[in-house]
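Let me begin by presenting the structure, written as structure tokens, before commenting on it.
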Amino acid sequence: MNPSTSNSQPIAVIAGARTPLSKAFTDLADVSAVQLGTHAVTAAVTRAAATTDALDIDQVDELVMGNVAGPPDAANIARVIALSAGLPKERIAHTVNRNCASGMESIFAAWDSIARGRASIVVSGGTESMSQVPMLFRRDAAKHWMRLARSKTIWQKLQTLAAFRPRHFKPVVGIQLGLTDPVSGLNMGETAEVLAREFGITREEQDAFALLSHQRASAAREECFLSGEIAEIETKRGVVAKDNGPRDGQSLEQLARLKPLFDAGGSVTAGNSCPLTDGAAALVLSDLSTAERFEQPLGYITDYAIAGCDPHRMGLGPVYATAKLLAKSGMSLADFDLIELNEAFAAQVIACEIAAASKSFASQELGRGQPLGELSRDVMNIHGGSIALGHPVGMTGTRLVLTLLRALRKRGQQVGLATLCVGGGQGVAMIVRTQLED
């Protein structure tokens, strides 16, 4: 399917659920990506079943999951999750990976399956355990370990052990490797520094944005908005029922004390970046005729676009993708009641705000005569974003859609834009609605 071409009909989002989001190596560190995904899928189907008398896991035709890290013990993790969740073995499942947009890519794959008549009900989602991304050996070290494993005599083993050097015992951090783009040579934080310099974004502006994210997420947690999409999960450490990222007492003074994380002379810190996070989310999707079985679908997905951009400036992906989406849908930014723009970094979101409002950027980069429009903070990420909540890379795209539809329903509004940047230089944008136009 052309990534800029919508399917002929919208799809219905019947229901959705997610796990709590936990900073890596904390509450969910012992829960695998398979377990997280299974929990989210089961919860989403259970919530969908609450809106009809005739739905159980046996009626799900297909499952698609986004995942980036790819656990070595669960190749095609979607299939493992499908069977773990109780889907009949005759049903199919596959895994998708578009880096940070994997949780949205699973929706597109499900949409395609529904549009082609392969399925009527599909569960899509994303899962990531960033705590369990494995450590790796250097290639030369791996050769020594393999030689040791093949040694049959004591003499051969001693010879091989004698060839080891201290460097061979130093692991390669898999998650650090995965968050570095091999084309640009920059990790994701370094690309945020590129944007901060290009657009003249100050440290103070970034910290102020980060504070707003925490304030909004803390308020949403306090008023139990977030708990409405969370399915609590039992772990070895006890029951986890809420996100542990939002900091109720966060202050600008605390943020200002943090040192730059990626460039000693830069402005991107751990405080104005999203944290490494564990979590999973799932949506139950269907065609429009099947959706009539259910009392009230959560909403509908009506259009999307995917765009590429310079990997050095990957954080601008939402601007390129949204421009493409607006061009083919005939809409403007002012038509959206709410916007969810993923907060990989404060600098990245602020750069998108500036670029969207810039006439020169529109002309030079987007081929438009007028600016894209205003990404107003009055309607954007009103319940906080990934700086506070966290960003399990394979899952966030699904969470954005779930949170956005729930927020629209809560406010009695109809149209939302979900968008995010993608490591490697891409952007994805999607239109959701709580009801379809006549």
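The values are calculated or read from the model by the stated rules, or taken from the named source; none is laboratory data. Computed from a prediction, not measured in an experiment: that's the story for all the values here. So basically every Cβ, Gly included, is an ideal-geometry build from the backbone, and we count neighbours across all protein chains shown. To get the accessible areas, we keep the full protein, side chains included, count just its heavy atoms, and leave off ligands, DNA and RNA. Shrake-Rupley method; radii C 1.70, N 1.55, O 1.52, S 1.80 Å.
Does GLU232 qualify as being acidic (Asp, Glu), touching a strand residue (DSSP E or B) at 6+ places or on another chain (Cβ under 9 Å) and closer than 26 Å to THR398 by Cβ? Taking the combined requirement at face value, the residue satisfies it. Can we say LEU283 is open to solvent by less than 40 Å² (accessible area, probe 1.4 Å), assigned to a strand (DSSP E or B) and at pLDDT 95 or above? For LEU283, the condition - open to solvent by less than 40 Å² (accessible area, probe 1.4 Å), assigned to a strand (DSSP E or B) and at pLDDT 95 or above - is met. What residue, among those in the stretch 73-98 that are assigned to a loop (DSSP other than H, G, I, E, B) and basic (Lys, Arg), is surrounded by the most Cβ atoms within 10 Å (Cβ to Cβ)? Per the criteria, the residue is ARG91. Once the stretch 332-352 is narrowed to residues that are touching a Leu at 6+ places or on another chain (Cβ under 7 Å) and either open to solvent by 30 Å² or more (accessible area, probe 1.4 Å) or polar (S, T, N, Q) (or both), the residue that is farthest from THR396 (Cα to Cα) is SER332. Among the residues making up the stretch 118-132, those that are aliphatic (A, V, I, L, M) and either modelled with pLDDT of 95 or more or surrounded by fewer than 24 Cβ atoms within 10 Å (Cβ to Cβ) (or both) are ALA119, ILE121, VAL122, VAL123. Whenever a residue of the stretch 138-149 is within 15 Å of PRO166 (Cβ to Cβ), its partners that are assigned to a helix (DSSP H, G or I), lying with C-beta atoms within less than 6 angstrom and at least six residues away or across chains, give the pairs ALA141/HIS168; HIS144/HIS168. Assessment of the stretch 305-323 against the conditions (acidic (Asp, Glu), in a strand (DSSP E or B) and under 30 Å from ALA69 (Cβ atoms)) yields no matching residue.
Within the stretch 210-240, the residues that satisfy the criterion of being over 21 Å from ASN272 (Cα atoms) and either open to solvent by less than 50 Å² (accessible area, probe 1.4 Å) or in a strand (DSSP E or B) (or both) are PHE225, LEU226, GLY228, GLU229, ILE230, ALA231, ILE233, GLU234, THR235, GLY238, VAL239, VAL240.
If you check VAL45, VAL31, VAL41, VAL60 for being crowded, with 23+ Cβ neighbours inside 10 Å and either of a type in the set (Phe, Trp, Tyr) or under 17 Å from the mean Cα position of the chain (by Cα) (or both), only one passes: VAL41.
A residue that is in contact with a Pro (Cβ under 6 Å, 6 or more places away or on another chain) and not small (Gly, Ala, Ser) can be found somewhere in the stretch 326-349. Taken over the stretch 24-72, the criterion of being without any contact (Cβ under 8 Å) to a residue 24 or more places away in the chain, under 22 Å from TRP111 (Cα atoms) and part of a loop (DSSP other than H, G, I, E, B) is satisfied by ASP56 alone.
Being in contact with a strand residue (DSSP E or B) (Cβ under 9 Å, 6 or more places away or on another chain) and modelled with pLDDT of 95 or more is a property that holds for GLY416.
Residues in the stretch 377-435 that are charged (D, E, K, R), surrounded by fewer than 22 Cβ atoms within 10 Å (Cβ to Cβ) and within 22 Å of CYS352 (Cα to Cα): 2 in all. Which residue, of ALA115, ALA110, ALA17, is hydrophobic (A, V, I, L, M, F, W, C), more than 30 Å from GLY330 (Cβ to Cβ) and either open to solvent by 20 Å² or more (accessible area, probe 1.4 Å) or touching a residue at least 12 places away in the same chain (Cβ under 8 Å) (or both)? The match here is ALA17. With respect to the conditions (1) surrounded by 19 or more Cβ atoms within 10 Å (Cβ to Cβ); (2) out of contact with any Ser or Thr (no Cβ under 9 Å at 6 or more places or on another chain), ARG203 lacks only one, and its number is (2).
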